[in-house]
Amino acid sequence: MSRKVIFIVGPTASGKTALSIALAKEFDGEIISADSMQIYKGIHIASAAPDMEEMGGIPHHLLEFLELTEEFSVADYVSLAREKIDEILARSKQPIIVGGTGLYISALLDNTKFTDIKTDPELRKRLENEFDSLGGEEMLKRLSKFDPESANRLHKSDKRRIIRCFEIYETTGKTLTRQNELSHIESNNFDAVVLGITYKDREELYDRINRRVDIMLKNGLLDEARKTFEMGNSKGEFQAIGHKELYGYLKGECTLEEATELLKMQTRRYAKRQLTWFRRDGRINWLYPDETENLLKKAKEFI
C-alpha cells in the first residue's frame, strides 16, 4: 500500500481549506488539521475552522476536540496525527494534513521524537518568578549563554517557551537545540509531498486577511470573544489571535473600530511569521493563486 501523505501549508487566509477539500475529492482523502487553534472548542469563528458546509462531506480529524482549559503540546499533536495517518491509510484512503502551525507541520514531517521530560513544579515556579522579575529580554540574554540558537529564535514575550528552554537544560543538562537534534535521527514511515499556498503579491494576501476579519465580525466573533473574556474572569487570559485583540474593546479601553484594526494588523503579522517559518523548508512546492489559473491542476501535478 502506498504510504504517501499530502501536506498543505501556508499562511492564514491563503486558501488552504478550499484546496484541501478539492484534493480530498480528487484522491479519496480525509483531512487532518494541523492548526493549534482549531483543536479547541468554543473558538470556531476565530480559528476559521471549516463548518459542515465547507467540509463538503470530507471526513476531518483533530478539529475542535479540546476544552480551552486543556493543555496540548506539540508532542501530543504528533502522536495523535500519526495515529490518524495510520488509520486513514489502513482504510486505503489518502491522508491530507492541512494547517498553518509550522511547529506541528515540522515535527510531523521530521518524525520528531519527544523526550518525556517531567515538569518540576518548584523549578517552574522559580523560573516564572525570575521571568516576571527580570523580563523576557534579560532571560533571553541568559538563555543565549548556553542555547544561542533557541535565544535567537524566540521572542522576548514568549514566556512559556523561554521558561521551557531553561527547564530542559536544568533538568537534563542538554539544551533544547540539542534535544531537537537527537530527536530527528529516525526517518518517517511515510512519503510526504508538501504543497504551500500563498500569494506572490503580499498585499493581496493582506487584503484577504482584512476581508476575513470583517466576515468573522459579521458572523459573531465579538460574542465569541466575550465568552472567552468572561471565562478568564475579565482578565483576558485566553490569548488566541482573534479574541485577545477584542478584549480592549470589551474592557472599554478602545473603540470597536480600533480593536478591529488591531486584529487585522496582528493577523497580518502572524501571516508574515508563518511565511518566514515555511520559507525555510526546501521541501515545500509553492502554489500561487494570483499567478496560477488552475490551482487544483498544478497541485495535482506536484502530487
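Considering (1) touching a Phe, Trp or Tyr at 6+ places or on another chain (Cβ under 9 Å); (2) at pLDDT below 95; (3) part of a loop (DSSP other than H, G, I, E, B); (4) crowded, with 18+ Cβ neighbours inside 10 Å, say which one residue 78 fails and leave the rest.
(3)
What single numbered condition from (1) farther than 22 Å from residue 270 by Cα; (2) not in a loop (DSSP other than H, G, I, E, B) fails to hold for residue 70?
(2)
Quick one: would you say residue 10 is under 28 Å from residue 290 (Cβ atoms), surrounded by 14 or more Cβ atoms within 10 Å (Cβ to Cβ), in contact (Cβ under 8 Å) with a residue 24 or more places away in the chain and small (Gly, Ala, Ser)?
Taking the combined requirement at face value, the residue satisfies it.
Looking for whichever is assigned to a loop (DSSP other than H, G, I, E, B) and in contact (Cβ under 8 Å) with a residue 60 or more places away in the chain here; the options are 291, 253. Which one fits?
Sole residue among the options that is assigned to a loop (DSSP other than H, G, I, E, B) and in contact (Cβ under 8 Å) with a residue 60 or more places away in the chain: 291.
For the range 248-255, does any single residue satisfy the condition of being crowded, with 19+ Cβ neighbours inside 10 Å, small (Gly, Ala, Ser) and on the phi > 0 side of the Ramachandran plot?
There is no residue in the range 248-255 that is crowded, with 19+ Cβ neighbours inside 10 Å, small (Gly, Ala, Ser) and on the phi > 0 side of the Ramachandran plot.
For (1) polar (S, T, N, Q); (2) not assigned by TED's automatic domain parsing to the domain that holds residue 42, each residue gets a yes or a no:
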site	(1), (2)
196	no, no
210	yes, yes
214	no, yes
243	no, yes
249	no, yes
256	no, yes
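From the list 28, 86, 110, pick out the single residue that is out of contact with any Gly (no Cβ under 6 Å at 6 or more places or on another chain), acidic (Asp, Glu) and free of Cβ contacts under 8 Å to residues at least 24 places away in the same chain.
86
Residue check, residue 297 against (1) basic (Lys, Arg); (2) outside the structural domain of residue 18 (by TED's automatic domain parsing); (3) exposed (fewer than 13 other Cβ atoms within 10 Å of the Cβ), all met but one. Which one?
(2)
Would you check which residues across the range 30-52 are buried (at least 21 other Cβ atoms within 10 Å of the Cβ) and either part of a strand (DSSP E or B) or not assigned by TED's automatic domain parsing to the domain that holds residue 72 (or both) and list them?
Correct list: 31, 32, 33, 40.
Listed residues 163, 185; which is surrounded by 13 or more Cβ atoms within 10 Å (Cβ to Cβ) and either β-branched (Val, Ile, Thr) or at pLDDT 85 or above (or both)?
Of the residues listed, the single one that is surrounded by 13 or more Cβ atoms within 10 Å (Cβ to Cβ) and either β-branched (Val, Ile, Thr) or at pLDDT 85 or above (or both) is 163.
Would you confirm, using the coordinates I've provided, whether residue 88 is surrounded by 13 or more Cβ atoms within 10 Å (Cβ to Cβ) and not in a helix (DSSP H, G or I)?
Against the criterion (surrounded by 13 or more Cβ atoms within 10 Å (Cβ to Cβ) and not in a helix (DSSP H, G or I)), residue 88 does not qualify.
Need the failing condition index for residue 267 against (1) over 18 Å from residue 15 (Cα atoms); (2) part of a helix (DSSP H, G or I); (3) under 22 Å from the mean Cα position of the chain (by Cα), just the number.
Looking at each condition in turn, residue 267 falls short on (1).
The values are calculated or read from the model by the stated rules, or taken from the named source; none is laboratory data. Quick caveat, the model's predicted, so the values are computed rather than measured. Glycine also receives a Cβ, built like all others from the backbone with ideal geometry; neighbour counts cover every protein chain displayed.
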